[in-house]
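Scroll down for the structure; my scribbles are underneath it.
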Amino acid sequence: MKKIKVNQEICTTIPMGSQHVALPEPVKLVFDTENEVVKRVSFDVSYVHRGIEKSLTTMYDFKKAPYVVGRICGICAIAHSIACTVALERSIGIDGEVPDRVRAVRMIGLELDRLQSHFLINGHLAEVCGYENIFMHLWRCREFILDTADMLFGNRVQYDVVCVGGVNRDIDEKTGTRISEALEEIEESIGFMEEVFTRDKTLVKRLEGLGVVSKDKAFEYGLVGPSARASGVKTDCRIEDDWGMYRDFGLEIITMTEGDALARCLVRVLECFESVRMIREALDSTSPGEEIQLRVRDNPKKDAVCRNEAPRGELFYYIRGTGKKIPGRVKIRTPTFANIPILPHVMIGVRYNDVPPLLMSFDPCLSCTGR
Amino acid sequence: MKTLLILVFSPVIGGLIEGAFRKVNARMQTRVGPPIVQPFYDLLKLLQKRPILINNYHVLMAYAHFVLMATALATFLLGGDLLLVIFFHGMSLAFLAMGAYSLRSAYSHVGATRELFHILAVEPPLLLIAVNIYMNTGTFLLSDVFETQRLVKIMPFSFLALIASLPGMLRRSPFDVSEAHQEIIGGPEIEYSGPFYAPIYLAKWLEKVLVAAFIGIFFLGSPLIVVAIATSFILVLALDNSTARLSYWDMVKITWVVALPLVGANIFLNAQGVL
Amino acid sequence: MIEASLMDFKDKIRKLYIPEKVHYIGVDAYEGEEGLEVRYWFFSYETRDVVMVRVSVKHGERVPSISDIVKPAFMGEWEIADLFGIEIEGRVENFFLSPDSPRAPLLNKKKSEDQAGREMGEK
């Protein structure tokens, strides 16, 4: 007769993924739960590895690299392009010569991207809380931001506007004024978003006190981006590694001290206001018609790094220049990669029905992680 | 003849109510929404799909769920015993949970447990409302209850209690915990597909008719009966669109804390002869 | 940039890494003419500099994990273990690659070896 092994601990194992309604991208999380309270978590992120790092060192020369890395992520494409471009420019040695207009256009692109990304994730957060109406509304506002980007760069998500040594497309005067008008409307919808996440009782009840990360833990686990700032870590790569004009414009680092899901959400909301201000400053700082592309003669020859603030946090690029057209090594450390190690720790002891909002409040982007 | 008419028409009315639910819900979210007969298209589509059988017991429970829900509705409309109606309704939900427990699916299990919590949250207020109706009419037999006029005048608080337990009954946010699309993807219903999902889908329509009829009791003989039912449903939808989902424990707590004292107050006032 | 050997790199990292002052960025490996090396990246909040700790290793050598000093380091370590075939303590197999993908894709192998790996993966 077959012996049946009796397990002393009786857990219900709930798999979440690799495909799940609450997940925008494939990741597998397996929860062992007791009465819907999570006891153990294990995860697997390997579903979307596409070998982009390998292709950059074998197939594409460095001028194509910004467009290739733009395909890593559908939401923060331009953050990847900019980080790659800046690292390449530093490797070539032309980063000091990049004109101000180029910096301004890049900043506008990145901040618009940040706006739509924050709207996306906050809407999704409302959706996984079971609040369909807010989800619909926030994504409708996001559509408007995408249309604005379309007007500027000719594309809604994959702008592909950044190239080594400059940008491909300038913003003319007429579009500039139309953008200023659009920004007012965007600001209104951010105001609406702020109101929702501070006033709506059920939403606040769901998110408040959920998945608290203390400041020490945030340092210890090396959190990045809005997740770190919500715990009171004053870090922002736009200030620390300024490739644009963020320090000149006096970018304010928004921090909160609560460190719960609601704080992470609100940090993103408040950052949206700051992004709008940055776009305005960038539009006013320079006038169109200046030179927008440098002529690049050399190949990347030095080792160079760039830390760029993607919507999800610190994006790290390392490029090893070998003097050839194809770099020797491109290392990409994406923000989600830094935010995942803490997840098992904050998820233990949480009820299963709170897991999707908790996961979404960290704003995971698995395509970035897989690369 | 009357029996036959009721049996044929109640699913049709249920489908239309379901369609109207979707339409109004979509309008509240500033979407266009599907046509009002969309549920019938869905049902036809479900029946045409390839059947995938997981185990016999599982499917049997789906049919048991449907049959008991239909029995509850028929008992109600044909003037049976009110307690039996509530009993059949609870039994039907329990069968759904039992079917879900018969599988080795984590979502199904979690959903089934939550479905039982639904019964726990909703049935006590319903039973107390039935008791209150008995106090005022002297009978549990619905055919006799139907002859009374405008119960809402003497049972306003019981009516409010019914409204308060509606989100739980109709599985609407904030109390849509057993379906919880983003957590357990439909819960007890997740493993049903195609023609085996059809009875559950139909049972949902019937449940809506049952709820509508239950609201109707309070407004018998009043011209406002349709308006009252529609207003209650729209109220539920408005609540659905302005709240996030709460946990199952919150559902039980809030439904009880709101609904039970309301019915209790009504019973007390009736006993004192105030109302 | 800090040069270190396999023997003393953990001590150097322990001395360097203070969670409130130094931010851990990631782990990377690189195979150049000098051979395989593992790099640990840090960022200092005070000096606003990126610091690299470089450790040269030989193929097949076992590298100790630093996740007892730097807690989030395990993910990056598992990644390079998969992508470069570096033996790292406590690694999880196939964390980044699927079981049927080519082994250690980022090493500069000859073409035949690469194909052999792919064929092995297919089996």
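Computed from the coordinates by the stated procedures, all read-outs in this text should not be read as laboratory data. The shown structure was predicted, so the numbers you read here are calculated from the model rather than taken from an experiment. Every residue, glycine among them, receives a Cβ derived from its backbone with ideal geometry; neighbour counts consider all protein chains shown.
For B:Glu179, A:Glu34, what's the fewest-to-most ordering of other Cβ within 10 Å of each Cβ?
Listed from fewest to most nearby Cβ atoms, that is A:Glu34, B:Glu179.
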All aspartates and glutamates inside 12 Å of A:Lys215 as judged from Cα atoms, apart from same-chain residues fewer than 8 positions distant: A:Glu258, A:Asp260, C:Glu20
How large is ³J(HN,Hα), in whole Hz, for each residue of segment A:328-337 in order, when computed from phi with the Karplus curve 6.51 cos²θ - 1.76 cosθ + 1.60 and θ = phi - 60°, using x for Gly and Pro? x, 7, 10, 10, 10, 10, 8, x, 5, 4
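Mind ranking A:198-210, B:240-252, A:352-364 by how tightly packed they are, going by the mean number of other C-beta atoms within 10 angstrom, highest first? Kindly include the intermediate steps, with their values, before the conclusion.
Details: A:198-210: 17.6, B:240-252: 21.2, A:352-364: 24.2.
Per-residue Cβ counts within 10 Å, averaged per peptide and sorted highest first, yield A:352-364, B:240-252, A:198-210.
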Taking every DSSP bridge whose two residues both lie in the protein assembly as shown, the antiparallel percent to the nearest 5 is 90 percent
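Rounding to the nearest 20 debye, state how big the charge dipole of the protein assembly as shown is about its Cα centre with +1 on each Lys and Arg Cβ and -1 on each Asp and Glu Cβ. Can you show the working numbers first?
Values: 86 positive and 93 negative charges, 321 e Å.
Using only the charged Cβ atoms, the result is roughly 1540 debye.
Note down the net charge around A:Ala263, summing +1 for each Lys or Arg and -1 for each Asp or Glu among other residues with Cβ under 11 Å from its Cβ. Walk me through the numbers on the way to the answer.
Values: positive: A:Arg229, A:Arg264, A:Arg268; negative: A:Glu208, A:Glu258, A:Asp260.
Within the 11 Å Cβ shell, the charges total 0.
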Entries of A:Lys64/A:Lys301; A:Lys301/C:Lys21; A:Lys325/C:Lys21 with Cα pairs more than 28 Å apart: A:Lys301/C:Lys21; A:Lys325/C:Lys21
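With +1 on each Lys and Arg Cβ and -1 on each Asp and Glu Cβ, how big is the dipole of segment A:52-363 about its Cα centre, in debye rounded to the nearest 20? If you can, show how the numbers build up before the last one.
On the way: 42 positive and 48 negative charges, 303 e Å.
Roughly 1460 debye for segment A:52-363.
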How many nm is it between the label spots at A:Gln19 and B:Thr3, if each spot is 7 Å from the Cα in line with the beta carbon? 4.7 nm
Within the set C:Lys15/C:Lys58; A:Lys39/B:Lys204; A:Lys205/B:Lys153; A:Lys331/C:Lys10, which residue pairs have Cα atoms separated by over 27 Å? A:Lys39/B:Lys204; A:Lys205/B:Lys153
Give me the angle, in degrees from 0 to 90, between the Cα long axis of helix A:173-199 and the longest principal axis of the Cα atoms of chain A, rounded to the nearest 10. 20 degrees
Can you give the FRET efficiency to the nearest 0.05 for A:Lys201 and A:Lys302, using r as the Cβ-Cβ distance and R₀ = 51 Å? 0.35
Report the label-to-label distance for B:Leu60 and A:Glu188 in nanometres (one decimal), using points 7 Å from each Cα along the Cα→Cβ vector. 6.1 nm
Dipole-positive endmost among C:Val92, A:Ile190, B:Thr231 within the protein assembly as shown (Cβ charges, Cα centre): C:Val92
Inter-chain shielding metric for B:235-245, i.e. average beta-carbon neighbours from other chains within 10 angstrom, reads 5
Using a 10 Å cut-off on Cβ atoms, rank the peptides C:13-20, A:182-189 from the highest mean neighbour count down. A:182-189, C:13-20
Tell me, what is the FRET efficiency for B:Val67 and A:His345 to the nearest 0.05, using R0 = 35 angstrom and their Cβ-Cβ distance as r? 0.10
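Peptide A:233-240: average number of partner chain Cβ atoms within 10 Å per residue?
Values: counts 3, 1, 3, 0, 1, 0, 1, 7.
Neighbouring Cβ atoms belonging to other protein chains average 2 per residue here.
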Residues with amide H under 5 Å of A:Ala310's amide H, sequence separation 5 or more or different chain, H placed in the peptide plane at 1.01 Å from N; which? A:Leu315
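To the nearest 0.05, what FRET efficiency results for A:Met151 and B:Thr231 with a Förster distance of 51 Å applied to their C-beta separation?
Working: r = 44 Å, r/R0 = 0.87.
Computed FRET efficiency for A:Met151 and B:Thr231: 0.70.
Normalise the Cα radius of gyration of chain B by 2.2 N^0.38 Å (N = residues in it) and let me know the number.
0.99
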About its Cα centre, what dipole magnitude does segment A:147-236 give when the only charges are +1 on Lys and Arg Cβ and -1 on Asp and Glu Cβ, stated in debye to the nearest 20? 620 debye
Given 20 Å bins starting at zero, what is the percent of C-alpha pairs of the protein assembly as shown in each, up to the one with the largest pair distance? 15, 41, 29, 13, 2
Kindly list the residues of segment B:204-223 that lie in the label zone of B:Gln149, defined by a backbone N under 17 Å from the point 7 Å along the Cα-to-C-beta vector. B:217-223
Below 12 angstrom from the Cβ of B:Gly99, what's the summed charge of the other residues (Lys, Arg +1; Asp, Glu -1)? -3
Note to self: C-alpha centroids of segment B:71-121 and segment A:180-245 sit apart, in Å, by 43 Å
What does the average come to when, for each residue of peptide A:41-49, you count the partner chain Cβ atoms lying within 10 Å of its Cβ? 4
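With a/c under 1.5 counting as rounded, go ahead and sort chain A into rounded, prolate or oblate using the C-alpha gyration tensor (a ≥ b ≥ c being the square roots of the eigenvalues; past the cut-off, prolate if a/b is larger than b/c, else oblate).
Values: a/c = 2.18, a/b = 1.43, b/c = 1.53.
It is oblate, given that a/c is not under 1.5 and a/b is not larger than b/c.
What does the charge count around A:Tyr67 come to, taking other residues whose C-beta lies under 12 Å from its C-beta (Lys +1, Arg +1, Asp -1, Glu -1)?
On the way: positive: A:Lys63, A:Lys64, A:Arg71; negative: A:Asp61, A:Asp160.
After counting each charged neighbour, the total is +1.
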Backbone HN-Hα couplings from phi across segment B:25-37 [Karplus 6.51/-1.76/1.60, Hz, Gly and Pro as x]: 4, 5, 5, 5, 9, 6, 10, 7, x, x, x, 5, 8
